[in-house]
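Here, each number is a calculation from the coordinates, and none is a lab measurement. These figures come from a predicted structure and were not determined experimentally. All Cβ positions, even for glycine, are placed from backbone atoms using ideal geometry, and neighbour counts span all protein chains on display.
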Amino acid sequence: MTGPLSPSFAGPSLAGELTHDYSELSSQAIETIRNLRKAAFEATRSGQFAQAESQWSALVEQLPEEAAVWSNRGNVRVRQNDLDGAMADYTQAIALAPDQPDPYLNRGALWEAMGQWDKAIADYNRLLRLDPDDPAAYNNRGNAEAGAGEWELAIADYQAAITLQPSFSLAYGNYALALYQTGETQSALQLMKSLVRKYPNFADMRAALTAALWEQGQRGEAESNWVAVVGLDGRYKDLNWVKNIRRWPPKMVTALDHFLTL
């Protein structure tokens, strides 16, 4: 299993509290665990993923029944592109605590990276049975449905995510791209412009707006947005990345291809 995750998904998310009773452990063992957890969280949040993996692995040895520890090690393995290791960790976390939502969200995103849309959707469905008001689950399920070409289902899920969390800019962006794919060009353009005004550094929407404006013949405005895109995230110059990693809809990829070619 190879390939990085799309920046359109929400996650991975760190799991927090331990769920077992460790009162029988010695005070020294409890202090060791406490220090390891603190260091592991700090290393994860600061982007020191190799160090974090080592610390989470030490915690796995100390607390093999704790789903959160397995899930968190999966997170740092994702960040190092060890998707096989991450999949094993998330699956173990689910086996230990099938009623906890975070591992389903994270494993679903891995299934997406593999193009296994049905398996991703199944994990998001399980998560939504546990928490029907999780906006990230709706956004990610929308991504998997989009991958399967089910654009109307994807749009409905993006709308659900936005309704639950009106500040969810990532879901708004995915919604705009899906609208463009289904021929709702003017609605998509309006939403892209609104997002760029509100979030000037939202590279994904600036790139999408560039492509959409170019197709509309608004060349000057398109080029102006593109200057900002290149300064924010040069990956959008790579059509292969946009198509296969970011996973823009086909019509949006074609529009960007026209801009880049001309």
Note the angle between two axes, namely the Cα long axis of helix 83-96 and the longest principal axis of the Cα atoms of the chain, as a number of degrees from 0 to 90, rounded to the nearest 10. 60
In the Gaussian network model of the chain, springs joining C-alpha atoms below 10 Å, which of Y158, Y104, Y172 carries the largest mean-square fluctuation? Y172
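Show me the three semi-axes of the equivalent ellipsoid for the chain, from the C-alpha gyration tensor (sqrt of 5 times each eigenvalue), largest first, rounded to whole Å. Walk me through the intermediate numbers first.
Working: eigenvalues 292, 72, 46 Å².
Working through the eigenvalues yields semi-axes of 38, 19, 15 Å.
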If every Lys and Arg gets +1 and every Asp and Glu gets -1 at its Cβ, then about the Cα centre the chain yields a dipole, in debye to the nearest 20, of 940
Which of S71, F41, I30 sits farthest toward the positive end of the charge dipole of the chain, with +1 on the Cβ of Lys and Arg and -1 on the Cβ of Asp and Glu? F41
To make sure I understand, if each residue's beta carbon is the centre and we count other beta carbons within 10 Å, what order do S54, S194 fall in, fewest to most? S194, S54
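Once you charge only the Cβ atoms, +1 for Lys and Arg and -1 for Asp and Glu, what is the size of the charge dipole of region 110-184 about its Cα centre, to the nearest 20 debye? Working shown, then result.
Details: 4 positive and 11 negative charges, 24 e Å.
That gives a dipole near 120 debye.
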Between the DSSP loop rule and a limit of at most 16 other Cβ atoms within 10 Å, which GluC sites (Glu not before Pro) in region 36-69 are left? E65
In degrees, nearest 10, range 0 to 90: what is the angle between the Cα axis of helix 203-215 and the longest Cα principal axis of the chain? 20
Give me the net charge of G142's neighbourhood, meaning all other residues with Cβ under 13 Å from the Cβ of G142; Lys, Arg count +1, Asp, Glu -1. -4
Cα gyration tensor shape for region 172-262, rounded if a/c is under 1.5, else prolate or oblate: rounded
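Arrange the following residues from fewest to most other Cβ atoms within 10 Å of their Cβ: M114, M205.
M114, M205
Going by C-beta contacts inside 10 Å, put K198, K243 in order with the fewest on the left.
Values: K198 12, K243 17.
Least to most surrounded, the residues fall as K198, K243.
Evaluate E = 1/(1 + (r/R0)^6) for S26 and N125, where r is the Cβ-Cβ distance and R0 equals 41 Å; express this FRET efficiency to the nearest 0.05.
Values: r = 43 Å, r/R0 = 1.04.
So the FRET efficiency works out to roughly 0.45.
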Among Y90, Y124, Y236, the residue with the largest mean-square fluctuation in a Gaussian network model of the chain built from Cα contacts under 10 Å is Y236
Enter the angle in degrees (range 0 to 90, nearest 10) between the Cα long axis of helix 117-130 and the first principal axis of the Cα atoms of the chain, meaning the one along which they spread out most. 60
Under a crude label model (7 Å from the Cα following the beta-carbon direction), how far is L260 from S224 in nanometres? 2.5
